[in-house]
Amino acid sequence: MGKEGEAKKMTLLERRLRRRQLLRAGAAAAGALLLPGRAPAQGGAKPLSGTTLNIACWSSPYAKLLTDYVPQFEEATGAKVNYETPSFPIYNQRIDVELSTGGSSYDVLNVTFIYIGRWIGAGWFVPLDPYLKDPQKTPADWEPGDFLPGATAAFKDPSGRLYAIPWTADIYMAGAARYDLFEKSGKTMPDTFDGVADAMKAVHMKDGIPAFLPENHYGWSFIPWLQGFGGNVFRDPPEDLTPVLDTPEAIAAADFFAKLLRDYGPDGVISYTYDQVVATLKAGRANYSPNGQIFLVQLGAKDSKVAGTCNFSMCPAGPKGRFPGVATHGWGIPAGSNNKDAAWQFITWAMSKPIIRQMVVERGYSSITRRSLIDSPEFKGKLTVNGHDIVKIYLDTIALGAQGYMKYRTIYVYPQVDKQIDIAIQNIASGQLSATAAMTQAQQDSLAELKRAGIKL
Amino acid sequence: MLAVQPSSIKRAAENRRPARTALPNWRREQRRAFTFGLLPALLVLVAITLGPTIYLIVTSLTPLDPVHPHSAADFSDPIGNYRALMADRRFLNSLEVQLKLSAATVVLQLAVGLGVALLLNAGSRFLEAVRTAFILPMVLPPIVVAVVWKVIFTPDVSPMHRALTAIGLPVHSLIANPDTALGAIAVADTWEWFPFTMLMVLASLQMIPAEPIDAARIDGAGRLALFRYILFPYIRPTLVVAGLFRLIDSIKAFPLIYVLTNGGPGTATEVTNYYAFVESFNFSYWGYGSAIATLMVAGVLLLSWFIGRLGVEAERDD
């Protein structure tokens, strides 16, 4: 007991020391990076003393990691940061109301991928170009050109002005928590939709583990299957926003996907949110999941029970090709902010090379957007999980995303259609409606919602 | 048959009505003082209760969407939202779901609350402690209740599902099954709110004088007869009031639905206020959402009036 207590004390002491060292190093890095020509004055005065920044992002792994680094910024600048990370739907609803009412409660906000068209289109964020072009506000070695062009492109308006700095380029891929069960059944990571169906049949309930578990946000997790069957959400976004959810291709895709859920998912599969999916996979209570890379890499985390059995692959291909989702989120400054310059300082700090590198090295942050860091040995090392190279999957998927099939997602009325897709897949998987009836209903309801939005089809 | 002259009726009425001039000065001053004293509070009350309601109704006459701020003053088709609602399948479905949920929760909460109150209606320290324990669900934050039931209803981690499986009665996920999802929410809601009925009924039971109960017992009344002829008539108005409160509250059910089912599977648990929330805050159709909310307010007012009448009539019968 005494030894245990001592060991605990030591661990705490070590942790505190590491934390202090980290804070000191980070503060020095941030101070040097942040304030070109505005280094902290002699005598301890800090440039943002007395400034309070209110910052929010949805509870992504990155946003939660950043919580531990924010004190570095506060230490370096003297600013007080109120930082919050509610869940994805709560964040979007709260911020949508905040932005639409011209509120000034926040200084830095995440620009959510599916709200890009709406939030930027409505002028609720300020363009960042004036900050980027001002050497007093953005040091030369910050290198805005280092960010993946595909990620930054999503945050530009038609005239090319940039409204957010991307902190993630999340890709849709596939992971198996218990790949050993695949091997025992003579299966490999499936590369096609048929291969998935075949493998799920083979591994389902092996060791009592259900085979298939995507997150229940089907407006994200189902779309690669929809497009893989040759379907789409809109006819030709952004020019023609007519929903096309009741085409034979869309119905076949929904039927196929819902059958996987029904036949190989855990009990209550349609109630699993993204955080539940990650926890279930890490605990080894479900096996294969097509999902975002930021979630799947956590299978290799220290607290994961499947770190030694997991495997990964690209999103499987359908009869019409491979269409893995590519999503990006970025830091922006809301138009109502009263501390825009300080907000920009926070963004430049949070997206600086030293801080991102620190997050990669220390915490294994895996969804970065700076090309120089993606090519770095540190990143490649961290993204080799259980001996499997995720960097290649990452880069190959981002390259695929550049083909333009993700255009549907930044349409400002996509959230309306997204909800209809959720409902349709739930209706099919829970046996309430056939695929044809559910997708026809989704089509009609989407048309009604778009009409309500004033879109003429 | 006697013919009654209208003029004689008028005279009689005038005689009954106290003459204004009959009021002494000090009384008039007192009234004026009360009026001026209460006026500021009344004005504030009107401003914070009626103001938002009026704004809600006005907004419901517009296609307000914050992306297009000018739509706040667009009254070109004032009943457009209401017309669209009448043809909106999801809205009509949400009304049906709301009716089912309200009926189930009110009946269950009255039955369980009444039953537990009858069991606990005795003077003992043990029962007092039990009463306190029963009140706990009601005082927990609703979101905590929702999280507790999310765990209970998630087969993967649920102690309830494990226990049922252990005794050979495995049950599939209740919240992912459209046939049981609404029932699961009703059970969770009942767990949270039956203490309200229980407390009200207990208070009412403890107000009943001992004489009629003793007299009935002497006359040989059994427990059932005692309840039917003595206790129930006493507590009936309380049950009506409790039912009214629970009915109105059931229309506000939100955290349980948000956390447990998100309105699903499909739209199986999408009640009207949840649908209003989706339209208003997921899609930002504030005008449309306001129209749904306005209809809900009207419905609740109508219900309150109707059940209030029932209560008055019940008391008059007594």
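Scanning segment B:203-222 for residues that are surrounded by 11 or more Cβ atoms within 10 Å (Cβ to Cβ) and not in a helix (DSSP H, G or I) yields B:ILE208, B:ALA221.
Restricting attention to segment A:384-422, the residues that are under 30 Å from B:TYR275 (Cα atoms) and in contact (Cβ under 8 Å) with a residue 40 or more places away in the chain total 16. Being touching a Leu at 6+ places or on another chain (Cβ under 8 Å), within 20 Å of B:ALA104 (Cα to Cα) and more than 9 Å from chain A (Cβ to nearest Cβ) is the requirement here; does B:ALA188 meet it? It is true that B:ALA188 is touching a Leu at 6+ places or on another chain (Cβ under 8 Å), within 20 Å of B:ALA104 (Cα to Cα) and more than 9 Å from chain A (Cβ to nearest Cβ). Listed conditions (1) free of Cβ contacts under 8 Å to residues at least 24 places away in the same chain; (2) within 12 Å of chain B (Cβ to nearest Cβ) are all met by A:ALA438, apart from (1).
I'm trying to understand the selection: among the residues of segment B:175-200, which are surrounded by 23 or more Cβ atoms within 10 Å (Cβ to Cβ) and more than 25 Å from the chain's Cα centre (by Cα)? Scanning segment B:175-200 gives a single hit, B:ALA176.
Elements of the type helices (runs of 4 or more DSSP H) sitting completely within segment A:123-186 and holding at least 1 residues that are farther than 30 Å from A:VAL203 by Cα and over 23 Å from the mean Cα position of the chain (by Cα): these cover A:129-133. Taking segment B:69-184 as the region of interest, the helices (runs of 4 or more DSSP H) fully inside it that hold 1 or more residues being touching a residue at least 12 places away in the same chain (Cβ under 8 Å) and closer than 30 Å to A:GLU449 by Cα are B:80-86, B:89-120, B:142-153.
Against the conditions (1) crowded, with 19+ Cβ neighbours inside 10 Å; (2) of a type in the set (D, E, K, R); (3) under 25 Å from A:PRO238 (Cα atoms), where does A:ASP107 fall short? Just the number, please. The failed condition is (3).
The C-beta contact set for segment A:247-260 (first residue among the small types (Gly, Ala, Ser), second residue not in a helix (DSSP H, G or I), distance under 7 angstrom, 6+ apart or interchain) comprises A:ALA250/A:GLY231; A:ALA250/A:VAL244; A:ALA252/A:PHE229; A:ALA253/A:PHE229; A:ALA253/A:GLY231.
Residue-by-condition table, conditions (1) within 13 Å of chain B (Cβ to nearest Cβ); (2) in contact with a helix residue (DSSP H, G or I) (Cβ under 8 Å, 6 or more places away or on another chain); (3) surrounded by 18 or more Cβ atoms within 10 Å (Cβ to Cβ):
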{"site": "A:LYS392", "(1), (2), (3)": "no, no, no"}
{"site": "A:ALA399", "(1), (2), (3)": "no, no, no"}
{"site": "A:TYR405", "(1), (2), (3)": "no, yes, yes"}
{"site": "A:PRO415", "(1), (2), (3)": "yes, yes, yes"}
{"site": "A:GLN426", "(1), (2), (3)": "yes, yes, yes"}
{"site": "A:SER430", "(1), (2), (3)": "yes, yes, yes"}
{"site": "A:LYS451", "(1), (2), (3)": "yes, no, no"}
{"site": "A:ILE455", "(1), (2), (3)": "yes, no, no"}
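Scanning segment A:432-445 for residues that are buried (at least 24 other Cβ atoms within 10 Å of the Cβ) and under 23 Å from A:ARG322 (Cα atoms) returns a single hit, A:MET439. Looking across segment B:131-158 at every residue that is of a type in the set (S, T, N, Q) and out of contact with any Gly (no Cβ under 9 Å at 6 or more places or on another chain), the one that is farthest from the other protein chains (Cβ to nearest Cβ) is identified as B:THR132.
The residues on offer are B:THR53, B:THR35, B:THR105, and the sole one that is surrounded by 20 or more Cβ atoms within 10 Å (Cβ to Cβ) and either more than 23 Å from the chain's Cα centre (by Cα) or at negative phi (or both) is B:THR105. If I filter segment A:99-118 for residues that are among the small types (Gly, Ala, Ser) and closer than 13 Å to A:ASP157 by Cα, do I get at least one hit? Looking for residues that are among the small types (Gly, Ala, Ser) and closer than 13 Å to A:ASP157 by Cα, one finds at least one in segment A:99-118, hence yes. Taking segment B:52-71 as the range and being closer than 16 Å to A:SER100 by Cα and more than 11 Å from every other protein chain (Cβ to nearest Cβ) as the test, the residues that pass are B:THR59, B:HIS70.
Please tell me if A:THR384 is within 13 Å of chain B (Cβ to nearest Cβ) and surrounded by fewer than 19 Cβ atoms within 10 Å (Cβ to Cβ). No. Of the residues making up segment B:268-306, those that are without any contact (Cβ under 8 Å) to a residue 60 or more places away in the chain, within 14 Å of chain A (Cβ to nearest Cβ) and in a helix (DSSP H, G or I) are B:ALA276, B:PHE277, B:VAL278, B:GLU279, B:SER280, B:PHE281, B:ASN282, B:GLY289.
Rundown of residues vs (1) away from chain B (no Cβ under 14 Å); (2) closer than 17 Å to A:HIS388 by Cβ; (3) of a type in the set (A, V, I, L, M), yes/no style:
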residue	(1), (2), (3)
A:PRO248	yes, no, no
A:ASP255	yes, no, no
A:LYS259	yes, no, no
A:ARG262	no, no, no
A:GLY268	no, no, no
A:VAL278	no, no, yes
A:TYR288	yes, yes, no
A:PHE295	yes, yes, no
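Looking across segment A:199-248, the residues that are part of a loop (DSSP other than H, G, I, E, B), farther than 16 Å from A:ALA424 by Cβ and of a type outside the set (D, E, K, R) come down to A:HIS204, A:MET205, A:GLY208, A:PRO210, A:ALA211, A:LEU213, A:GLY230, A:PRO237, A:PRO238. Regarding A:ASN92, is this residue at pLDDT 85 or above, within 14 Å of chain B (Cβ to nearest Cβ) and surrounded by 16 or more Cβ atoms within 10 Å (Cβ to Cβ)? Taking the combined requirement at face value, the residue satisfies it. The residue that is farthest from A:TYR274 (Cα to Cα), among those in segment A:99-114 that are at pLDDT below 90 and not in a loop (DSSP other than H, G, I, E, B), is A:SER100.
Just to be sure before I move on: is A:TYR365 in contact with a strand residue (DSSP E or B) (Cβ under 6 Å, 6 or more places away or on another chain) and more than 14 Å from chain B (Cβ to nearest Cβ) in the structure I sent? In short, no.
The values are calculated or read from the model by the stated rules, or taken from the named source; none is laboratory data. The shown structure was predicted, so the numbers you read here are calculated from the model rather than taken from an experiment. Every residue, glycine among them, receives a Cβ derived from its backbone with ideal geometry; neighbour counts consider all protein chains shown.
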